[in-house]
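Only one structure is covered here, and it is reproduced in the block below.
The values are calculated or read from the model by the stated rules, or taken from the named source; none is laboratory data. Bear in mind that the values here come from a model prediction, so they are computed numbers and not experimental data. Using ideal geometry, Cβ is built from the backbone for each residue, glycine included, and neighbour counts are taken over all protein chains shown. Remember, those area values only see protein heavy atoms, side chains included, never the ligands or the DNA or RNA. Shrake-Rupley method; radii C 1.70, N 1.55, O 1.52, S 1.80 Å.
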Amino acid sequence: MLYDFSRRLVERKELIKIIKNQGIKDKKVLEAILNTPRELFLGDINAENAYLNNALPIGLGQTISQPYTVAFMTELLEPNRNASVLEIGTGSGYQTYILSLLFNQIFTIERIEKLSLNTQKLFEKLKISNVNFSIGDGSIGWNDNFKFDRIIVTAAGKEIPESLKNQLNINGILVMPVGTRESQIMIKLIKITENNFEITENSRFQFVPLIGKEGWQSN
Ligand code: SAH
């Protein structure tokens, strides 16, 4: 059964007004948020609250990111139809779905098997065909033989994992919250040459920790 995308459109339009006021400008990003029914990624418990501009629990101690945060990170990634994206932290799949509307091929990794499997089922139902799922530790990336045009990390690290820098193409962009477990700065990194990176710091956010070999040790 395919979803009726006109449902709750009025609420999504309200949400767009709010995140525009917060500074999101990219038309493609705003359109992608407008076209994404966030309730699909929330299950039954929180569907009602889908268009509050808040992070919400998705079970197993994890959260779906706030719509503004998703928009902000996607804008920093500079959407491009020809670009491939590696996403660390599939979670509910809300961010993944928005990426699938704006980029070419998406590769997404989640460490909690049950979360990934739920999201995979949903994407099958929605007939999304440009997303590749993997279950495991995304702090070491997809595979050392692969390189991506974009990398987005939706969990917080104490630094940018070396493996992820290596798996980024030249001229590629990586976006990730970096800091302590409690609070992070949103970093945008552009890979200029193999060993030369341009880094800009953006505003503060609060994410769940990136847990793995090149992240935090455990919960
Ligand atoms: N983009 C998601 C955010 C989910 S929260 C959404 O909007 O729903 C961050 C996710 O990162 C959690 O699901 C958590 O389990 C996952 N995560 C944490 N460390 C990870 C790692 N090393 N590899 C892959 N996923 C990880």
*For region 204-219, which residues satisfy the criterion of being touching a Phe, Trp or Tyr at 6+ places or on another chain (Cβ under 8 Å) and either surrounded by fewer than 10 Cβ atoms within 10 Å (Cβ to Cβ) or in a strand (DSSP E or B) (or both)?*
209
*Within region 19-31, can one find any residue that is over 24 Å from residue 149 (Cα atoms), free of Cβ contacts under 8 Å to residues at least 60 places away in the same chain and surrounded by 15 or more Cβ atoms within 10 Å (Cβ to Cβ)?*
yes
_Go through region 205-219 and report how many residues are of a type outside the set (Gly, Ala, Ser) and more than 7 Å from the ligand (Cβ to nearest atom)._
7
*Give the residue, chosen from 110, 87, that is within 8 Å of the ligand (Cβ to nearest atom), open to solvent by less than 40 Å² (accessible area, probe 1.4 Å), closer than 21 Å to residue 31 by Cβ and acidic (Asp, Glu).*
87
*asked:* Tally up the residues in region 1-10 that are in contact with a helix residue (DSSP H, G or I) (Cβ under 9 Å, 6 or more places away or on another chain) and either among the aliphatic types (A, V, I, L, M) or open to solvent by 70 Å² or more (accessible area, probe 1.4 Å) (or both), please.
replied: 4
_Just to check your reading of the model, which residue among 128, 58, 98 is away from the ligand (no atom under 13 Å from the Cβ), aliphatic (A, V, I, L, M) and closer than 16 Å to residue 37 by Cα?_
128
*Would you pick out the residues in region 135-164 that are part of a helix (DSSP H, G or I) and out of contact with any Leu (no Cβ under 7 Å at 6 or more places or on another chain)?*
138, 140, 162, 163
_Being within 23 Å of residue 135 (Cα to Cα) and open to solvent by 10 Å² or more (accessible area, probe 1.4 Å) is the filter here; which residues of region 56-84 pass it?_
56, 57, 58, 59, 60, 61, 62, 63, 65, 84
